[in-house]
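Chemist: First, the structure itself, so that you have it in front of you.
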Amino acid sequence: MATPLLSVSSLTIGIRRKGQPDTVIVDSLSFDIQKGERFGIVGESGSGKSLTLRAIADLLPKGVEVLSGSIRYDGAELIGMPAAQRRKLMGPEIAMIFQEPMTALNPVVRVGEQIAEGPRRYLGLSKQAAAELAIEMMAKTGIPDPARRARAYPHELSGGLRQRIMIAMALSCGPKLLLCDEPTTALDVTVQHQVLRVLEELCADSGASLAFVTHDLAVVNQTCTDLAVMYAGHIVESGRVAEVFSDPRHPYTKGLLDSAPDFDQPDRELVSIPGFPPNLAARPSGCPFAPRCQFAVEACTTAMPPTDEVAPGHFAACFESARIFEGAAA
Ligand SMILES: Nc1ncnc2c1ncn2[C@@H]1O[C@H](COP(=O)(O)OP(=O)(O)OP(=O)(O)O)[C@@H](O)[C@H]1O
Ligand SMILES: [Mg+2]
């Protein structure tokens, strides 16, 4: 198989304090993103989705660091790469879109100029050419009257338009990997739909791969080809979206699907998963989901289940998966 565009292997993220054991937040995460793939990362609040994306973009918050593991971009190791070399990847190769565009946009610079900044710096375009590209990118994201809107300041635009500006900005240098952290959560559902469609179309046109963090399964269903389900810093299940959604093999994924409003049956009753995710400072030994899992047996509380390939390209980390989902004897 061709080299994945992104290969994350045994990535462990946490907090290191002198004289104390490390606090592990994201534990030994492994996944690949192929060229052109749209990879969703789902999980409850606090499961480590944002930190995973931020580790890829070298934007971890102060005090949080990669403790071990590897992140390879197009075959090149990013962990330990000199900062100057790594920074050069951000923009032309890897770009990131955040949940709240107001925090990422400069309030006193016209949006067209903000979009043009990357192409001027990274692609060496003239002021005029970069301004034209900015308007072209705005048009591609479906912003009406882009030449006029390019002269607006962020606060003069609606939330949906601002998020389109963020997409235009992120894609302006033609990145091969776009990292999105809950890019539409702040938008109302109709606008969310439109923005996701734009994102999907533009990635398909340019061949860019997408790593897309969300807690919303319907969004993953609409936007992604593949997904990983995270629970308390672990990937508990991964595979093609259609397969994992129709044939989940981890009780947590099953619980999430049962608790989500059904995409086809909006009136269906919601079932929520009882209990809360573990306190990361006092992780249970064994499977982190065991305390909330109705199928847990003794082994689940003592050892971490290995990640098994339950079907080609479909992985789950559950001792009891076969018994629960295939009706096989334990
Ligand atoms: N700056 C920080 N300092 C210390 N701990 C942090 C920091 N940021 C996050 N954490 C810890 O890491 C855990 C995972 O955080 P992360 O932001 O990756 O979660 P998430 O899955 O993106 O959640 P959400 O859906 O709420 O955005 C949090 O529960 C928190 O305990
Ligand atoms: Mg987050």
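Chemist: Give a residue-ordered list of calculated ³J(HN,Hα) values for the stretch 151-158 (Karplus: 6.51 cos²θ - 1.76 cosθ + 1.60, θ = phi - 60°; whole Hz; x for Gly, Pro).
Modeler: 8, 7, 8, x, 5, 7, 10, 6
Chemist: Whole-Hz ³J(HN,Hα) for each residue in the stretch 88-95, computed from phi via Karplus 6.51 cos²θ - 1.76 cosθ + 1.60 with θ = phi - 60°, x for glycine and proline: what do you get?
Modeler: 5, 6, 6, x, x, 10, 10, 10
Chemist: Turning to a different aspect of this structure: Quick check on packing: order 148-161, 31-44, 228-241, 113-126 by the mean number of other C-beta atoms within 10 Å, highest mean leading.
Modeler: Top of the packing list down: 228-241, 31-44, 113-126, 148-161.
Chemist: Applying the Karplus parametrisation 6.51 cos²θ - 1.76 cosθ + 1.60 with θ = phi - 60° to the phi angles of the stretch 194-204, what ³J(HN,Hα) value in whole Hz is obtained for each residue in order, glycine and proline being reported as x?
Modeler: Coupling constants for the stretch 194-204: 5, 5, 5, 5, 4, 4, 5, 5, 5, 5, 4 Hz.
Chemist: Something else: Take every DSSP beta bridge with both residues inside the chain and express the antiparallel ones as a percent of the total, to the nearest 5.
Modeler: 60
Chemist: Taking LYS18 as the anchor, which lysines have their alpha carbon closer than 17 Å to its alpha carbon, excluding any fewer than eight residues away along the same chain?
Modeler: Within the straight-line limit of under 17 Å, LYS18 reaches these lysines: LYS62.
Chemist: Helix 127-140 versus the longest principal axis of the chain: what angle, 0 to 90°, nearest 10, using Cα atoms?
Modeler: Around 50 degrees separate the two axes.
Throughout, read-outs are computed from the coordinates displayed, never taken from laboratory work. Please read these numbers as outputs of a predicted model, since none were measured by experiment. Methodologically, a virtual Cβ is constructed for each residue, glycine included, from the backbone with ideal geometry; neighbour enumeration extends over all protein chains shown.
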